[in-house]
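Report on one structure; see the data block that follows.
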């Protein structure tokens, strides 16, 4: 099955006024994420990338900048990055600092990567992980209702654990509720 093009998932400067969306949980999710970010930036927008899986790919943006005849520095300057290495750090970034950074940078697109890997970590007790995940999803949904589009790319695990499947299910449920509320479903 072919995955949808990035512009079909989230068009640049989407007129929907916000929304919480997951990118399909297939191997194309990372590429679709970078396509969406580069489309946003190349059309004059500013984006924030909250990286929870240590997979920042500036090379993709540099290639897109060159293809568009733009200076790489110009493109990279329109992407603001925050890194989280734990579930607690990710929640802190989203709940305590993301809104002010959105206002400061005038960003209309936020991408949050690494949810599945961070929350599936067996070192974090399941009850704690799901509690933090719930808080995180509520915060992202609240922010998205203020007109900011939030992308959550999800890469499939080769053989996901029960916990990973439950986490993915909860992310999908929250995105579906947000989509219905915005009139998309």
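Since every read-out is calculated from the coordinates, none of them should be taken as a lab result. Everything quoted here is computed from the prediction, not taken from an experiment. Neighbour counts run over all protein chains shown; Cβ positions are idealised from the backbone, glycine included.
Highest first, please rank the peptides 42-51, 70-79 by the mean number of other Cβ atoms sitting within 10 Å of their residues.
On the way: 42-51: 18.6, 70-79: 14.7.
Ranking, from highest mean packing down: 42-51, 70-79.
Multiply the residue separation of residue 66 and residue 169 by 0.36 nm, subtract the distance between their alpha-carbon atoms, and state the gained length in nm to one decimal.
Contour length minus Cα-Cα distance gives 33.3 nm.
Taking 0.36 nm per intervening residue step and subtracting the Cα-Cα distance, what contour gain separates residue 161 from residue 105 on full extension?
Details: separation 56, 0.36 × 56 = 20.16 nm, distance 3.78 nm.
Residue separation times 0.36 nm, minus the Cα-Cα distance, leaves 16.4 nm.
For region 17-181, how big is Rg over Rh, using alpha carbon atoms and the Kirkwood form of Rh?
Working: Rg = 15.4 Å, Rh = 16.0 Å.
Result for region 17-181 is an Rg/Rh of 0.96.
Along Cα→Cβ, 7 Å out, is where each label goes; now give me the distance between the ones at residue 121 and residue 134 in nm to one decimal.
Label at residue 121, label at residue 134, 2.1 nm between them.
Packing-wise, with mean Cβ within 10 Å as the measure, how do 28-37, 80-89 rank, highest first?
Order by mean packing, descending: 28-37, 80-89.
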